[in-house]
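Below: one structure, written as structure tokens.
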């Protein structure tokens, strides 16, 4: 450096993300099921700094959820069997959505259902609440009651049917949340894209279980539960990488993200944004730390925008 010269500061990077026509101020989104409906974390972090909030899963009618143990810690992970406890879409629109809209981040509503008809009616009601809702995240990992309990997200044909019906019922941007338990995840992803999905989010929790050796029985009343946390991150990252090459629509990655370094891996693998879930239970401020970590990394490495970091081209 020439004596007396002033070292130029790296330019401020653009952290904004564009997904299905919706602009997020940054790529960090609160994951469904871990952030409630926005009220629950008031005072624990600057909620307005987040890119988006994905609501706790909603069904057409209220659900009480599963009985028995609902959360169980496991090394570097968390098992949950909540059972989609929620107040129902009507109550959400009346009591929760107005407050969500005062917080600032993009509102993404996670929609679940037990039948194609329930999904479609739920989507129609949410569409009527537009523009208060920025996007629907369609959870197709729920039991399909009419198909004998098989999850919509495990079969390309079943996934396509529910996506197509929701697409007909709602004009809101549609992001489909995929199950990592699908035998052929790429086939499910392509089926969702062809049926009208604007974006994909993955991964949902992995099917897992725990046994209480003292009671000599499974921990959960329903035997199996969903596994999340850092233990699933390398597998989730691999799935995001693979699907980025299989479909051309935007992908929102998730699965064990707990630091800026974790988030950066997903962004480099092709994700347009990330969702952070289990990490907020132990560190409520994890998402704001991740946002600042991404900003610092981009500035240090002189990346002007998020797309510059995508190495999965």
Check: If you take the residues in segment 83-101 that are under 28 Å from residue 258 (Cβ atoms) and out of contact with any strand residue (DSSP E or B) (no Cβ under 8 Å at 6 or more places or on another chain), which one is surrounded by the most Cβ atoms within 10 Å (Cβ to Cβ)?
Finding: 96
Check: Is it true that residue 162 is closer than 14 Å to residue 115 by Cβ and either crowded, with 20+ Cβ neighbours inside 10 Å or modelled with pLDDT of 95 or more (or both)?
Finding: yes
Note to self: Against the condition farther than 28 Å from residue 238 by Cα and either modelled with pLDDT of 95 or more or part of a loop (DSSP other than H, G, I, E, B) (or both), how does residue 172 come out, does it pass?
What the structure shows: yes
Next item on the list: Considering each residue of segment 226-241, count those that are buried (at least 17 other Cβ atoms within 10 Å of the Cβ) and out of contact with any helix residue (DSSP H, G or I) (no Cβ under 7 Å at 6 or more places or on another chain), and give that number.
Entry: 9
Next item on the list: For residue 120, indicate whether it is in a helix (DSSP H, G or I) and under 19 Å from the mean Cα position of the chain (by Cα).
Entry: no
Note to self: Conditions first: (1) part of a loop (DSSP other than H, G, I, E, B); (2) farther than 25 Å from residue 281 by Cβ. Residue 126 passes all but one, so which condition is the exception?
What the structure shows: (1)
Note to self: Report every pair of residues separated by at least 6 positions or lying on different chains whose Cβ atoms are under 9 Å apart, first residue within segment 30-56 and without any contact (Cβ under 8 Å) to a residue 24 or more places away in the chain and on the phi > 0 side of the Ramachandran plot, second in a loop (DSSP other than H, G, I, E, B) and surrounded by 15 or more Cβ atoms within 10 Å (Cβ to Cβ).
What the structure shows: 36/55; 36/56
Notebook entry, point to check: Does segment 187-198 contain any residue that is without any contact (Cβ under 8 Å) to a residue 40 or more places away in the chain and assigned to a strand (DSSP E or B)?
Noted result: no
Next item on the list: Filter segment 23-57 down to residues that are in a loop (DSSP other than H, G, I, E, B) and within 20 Å of the chain's Cα centre (by Cα), then give me how many there are.
Entry: 17
Next item on the list: Could you check, for segment 58-69, whether at least one of its residues is in contact (Cβ under 8 Å) with a residue 40 or more places away in the chain, farther than 16 Å from residue 286 by Cα and under 19 Å from the mean Cα position of the chain (by Cα)?
Entry: yes
Next item on the list: Can you work out which of the residues in segment 210-225 that are surrounded by fewer than 21 Cβ atoms within 10 Å (Cβ to Cβ) and in a strand (DSSP E or B) is farthest from the chain's Cα centre (by Cα)?
Entry: 217
Next item on the list: Please specify each residue of segment 242-278 satisfying the condition of being within 20 Å of residue 46 (Cβ to Cβ), surrounded by 24 or more Cβ atoms within 10 Å (Cβ to Cβ) and free of Cβ contacts under 8 Å to residues at least 60 places away in the same chain.
Entry: 257
Next item on the list: Scan segment 263-279 and give yes if some residue there is more than 18 Å from the chain's Cα centre (by Cα) and farther than 23 Å from residue 56 by Cβ, otherwise no.
Entry: no
Note to self: Among the residues of segment 204-225, what is the count of those that are free of Cβ contacts under 8 Å to residues at least 60 places away in the same chain and in contact with a helix residue (DSSP H, G or I) (Cβ under 8 Å, 6 or more places away or on another chain)?
What the structure shows: 1
Note to self: Exactly one condition in (1) surrounded by 14 or more Cβ atoms within 10 Å (Cβ to Cβ); (2) in a strand (DSSP E or B); (3) out of contact with any helix residue (DSSP H, G or I) (no Cβ under 7 Å at 6 or more places or on another chain) is false for residue 107; which is it?
What the structure shows: (3)
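The values are calculated or read from the model by the stated rules, or taken from the named source; none is laboratory data. Source: prediction; values computed, not measured. Positions of Cβ are backbone-derived with ideal geometry, glycine not excepted, and every protein chain shown enters the neighbour counts.
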